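Taking it in order: structure first as C-alpha cells, then the write-up.
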Amino acid sequence: MVASILPLTLTDATVRKGGKTIIGPMSETIGPSGFTIFMGPNGSGKTTLLRLMHGLEHPRGGSVTWQLPAAQARMKQAFVFQTPVMMRRTVVENIAYPLRVRGEAKNWAHAEAARWADIIGLGNALEQNAEVLSGGEKQKLAVARALIVQPEVLFLDEPTANLDGKATREIEGILLAAQADGVRILMATHHLGQARRLASDIIFLYQGQVHERAAAEEFFNTPRTPESKSFLSGDIVE
Amino acid sequence: MRDLWQGMIEAFWLIASFNADLYEIVLRSLQVTVTAVIIASAIALPLGAGLAVNRFRYRRATISLLNALMGLPPVVVGLFVYILLSRSGPFGVLGLLFTPTAMIIAQIIIITPLIASIAHQAIRDLWASYHDLLISMNTTKWQRMRTLIWDARRSLITASLAGFGRAIGEVGAIMIVGGNIDHLTRVLTTAIALETGKGDFSLALGLGFILIALAIAVNMAIHAISRTERASTW
C-alpha cells in the first residue's frame with residue numbers, strides 16, 4: 001500500500017503581495033478523491049491558491065501541510081500552467097523530461113513518452129520541435145508531461161483558457177481518464193460549461209476567501225451566496 | 001591601396017605555396033585559442049547558469065563585476081600573468097613563461113568574463129520562462145543548471161564564439177607572456193605585429209587576411225555543425 005499525500009490541509013494560510021492580501025487567511029481541507037474545480041471572478045485568487053497548495057507560493061502566514069513530508073509530497077504532484085511552457089526540445093524529450101530528472105533510464109523514459117504522445121495524438125510528431133506545436137497540442141503535451149509521472153494530485157490552472165472546442169474536448173477527455181485512474185484533480189477554470197461537465201465539487205473563491213464550497217450539482221442548482229448566484233447567472237462580480 | 005592588393009596577393013601565395021611557417025603559425029593560433037575557449041567555456045557557462053539560477057547576497061554585485069571584467073585590458077592581464085609566471089613569481093617554478101600554456105592562461109582570463117556575461121544573459125531569459133516548470137518538477141539546482149545550459153546551447157555557442165573572436169585577435173597579453181618566439185610561441189597576431197614593426201606591410205596584411213578568414217571559417221563551421229539556423233525558433 002503506497003502512502004497517500006492527501007488530505008491537504010490549509011490552516012489560516014495567507015498570501016500577501018505588495019502589501020495586499022491575495023489569499024486568506026484560509027483554512028480548508030482537500031480530501032483524497034474527486035475533481036475539484038476552483039471558480040471565481042478575475043483576481044479572486046484561483047491561480048495563487050493552486051500555486052500555494054503546490055508549493056510555488058509560500059504562505060506569509062499559517063501553513064499548508066500534506067499527509068507526507070513536503071519533499072515526498074512534491075514528488076506526487078504535477079502542475080499544468082495556463083500558458084504551457086515548452087522546453088527547447090523535441091516532443092518526446094519534453095514529455096520524457098520529468099522521468100529523466102527522476103533518474104529514469106533514457107530508453108525507458110522515451111518509450112513511455114512515446115506511449116503518452118500516442119495517447120494525446122502526437123505520436124507522429126515525436127522528433128518535432130515542441131515550440132512550433134499549435135496551442136492545443138502544446139497544452140496536451142503539458143498535460144501528458146504532468147501525467148507521465150503518475151501523480152496522485154494534478155493541479156491545472158485554466159488549461160483550456162485559450163483553446164478551441166476540439167482541443168478543449170480532447171484535454172477534458174484526458175483529464176477524465178486520469179481521474180478514472182485515481183488521479184486527484186484540482187483545477188481552476190472560468191468556463192461554467194466545463195465546470196458542469198467535469199466537477200465533482202466546486203470551491204468558489206471571492207476576494208481571496210473560500211466563499212462557497214459544495215458538491216457540483218448543489219452549487220449549480222442552489223448557490224448559497226449572492227456573489228455565486230451572480231457569477232452563475234453571468235453577471236459581473238467584482 | 002597598393003598595400004591592400006599586395007597583402008591579398010601575399011595571403012594567396014602564402015596559402016597556395018603551402019608555406020610551412022604560415023601553417024605552423026595558423027595551427028598554433030588555433031591550438032592556443034581553441035584550448036582557451038574550451039577551458040573558459042567550461043568555467044563560464046556553469047558560472048553564467050549559476051548566477052541566473054541562484055540567489056545569494058552579493059549576486060548583483062557579482063554580475064556587475066563580471067560585466068565590468070568584460071573590458072579587462074589585455075595588456076594588464078598579460079602583465080599580471082607575467083608576474084605570476086616569472087621566475088621570481090609564485091608559479092615561476094612551473095616554467096610556463098614564454099610557452100603556449102602561458103598564452104592560454106592569459107586568454108582564459110580575458111575571455112571567461114565575456115563568455116560568462118553573455119551566457120548569463122541568455123540563461124537568465126530562459127530561466128524566466130522555465131522557472132515555475134522546473135520548480136514544480138522538483139528539480140535540484142544542478143538539474144536546473146544542466147537543463148538551462150543544454151536548452152540554451154545555441155545561444156551559448158554564440159557566447160563561446162564571441163570568446164573565440166576576442167581570443168584569436170588578441171595580441172597584447174600573449175605578446176607579453178608568450179614572447180613571440182619563432183617556432184615556439186609565434187601566432188598570427190604576434191606575427192602581424194612583428195611584420196608591421198619591420199615595415200613589411202604586405203606580409204602583415206596577408207597574415208591579417210588569413211586571420212580574418214580563419215575567424216569567419218571557424219564561426220561558420222560551428223554554426224553549421226550546431227545547426228543554429230535550422231531548428232526553427234531555437
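For the reader, a short list of remarks on this structure follows.
- Looking across the stretch A:55-75, the residues that are farther than 15 Å from A:Pro7 by Cβ and either away from every other protein chain (no Cβ under 14 Å) or surrounded by 15 or more Cβ atoms within 10 Å (Cβ to Cβ) (or both) come down to A:Gly55, A:Leu56, A:Glu57, A:Pro59, A:Arg60, A:Gly61, A:Gly62, A:Arg74, A:Met75.
- Any hit, the stretch B:194-206, residues being outside any helix (DSSP H, G or I) and either touching a residue at least 12 places away in the same chain (Cβ under 8 Å) or at positive phi (or both): yes
- Screening B:Leu72 against (1) under 18 Å from the mean Cα position of the chain (by Cα); (2) in a helix (DSSP H, G or I) leaves a single unmet condition, (2).
- Residues satisfying the stated conditions in the stretch A:93-112, i.e. among the hydrophobic types (A, V, I, L, M, F, W, C) and under 28 Å from A:Thr47 (Cα atoms): A:Ile95, A:Ala96, A:Leu99, A:Val101
- For B:Ser129: the one exception among (1) part of a helix (DSSP H, G or I); (2) within 14 Å of another protein chain (Cβ to nearest Cβ); (3) in contact with a helix residue (DSSP H, G or I) (Cβ under 6 Å, 6 or more places away or on another chain): (3)
- Qualifying residue in the stretch B:163-185 (condition: surrounded by fewer than 22 Cβ atoms within 10 Å (Cβ to Cβ), under 30 Å from A:Arg88 (Cα atoms) and either of a type in the set (Val, Ile, Thr) or within 14 Å of chain A (Cβ to nearest Cβ) (or both)): no
- Within the stretch A:76-91, restricting attention to residues that are touching a residue at least 60 places away in the same chain (Cβ under 8 Å) and either part of a strand (DSSP E or B) or facing another protein chain (nearest Cβ under 7 Å) (or both), the residue that is farthest from A:Glu131 (Cα to Cα) is A:Gln77.
- For B:Leu96, the criteria (1) within 29 Å of B:Glu195 (Cβ to Cβ); (2) part of a helix (DSSP H, G or I) hold in every case but one, which is (2).
- Inspection of the stretch A:56-63 identifies no residue that is part of a strand (DSSP E or B) and in contact (Cβ under 8 Å) with a residue 60 or more places away in the chain.
- Some residue of the stretch B:108-120 being more than 14 Å from every other protein chain (Cβ to nearest Cβ) and either surrounded by fewer than 18 Cβ atoms within 10 Å (Cβ to Cβ) or more than 21 Å from B:Leu45 (Cβ to Cβ) (or both): no
- Total residues in the stretch B:7-44, condition farther than 18 Å from B:Val218 by Cβ and among the hydroxyl-bearing types (Ser, Thr, Tyr): 1
- Within the stretch A:97-128, the set of residues being within 12 Å of chain B (Cβ to nearest Cβ), farther than 19 Å from A:Leu156 by Cα and assigned to a helix (DSSP H, G or I) comprises A:Leu99, A:Arg100, A:Val101.
None of the figures in this text is laboratory data; all of them are computed from the coordinates on show. On a predicted model such as this, the values are computed, not experimentally measured, just so you know. Glycine gets a Cβ as well: all are built from the backbone with ideal geometry, and neighbour counts include every protein chain shown.
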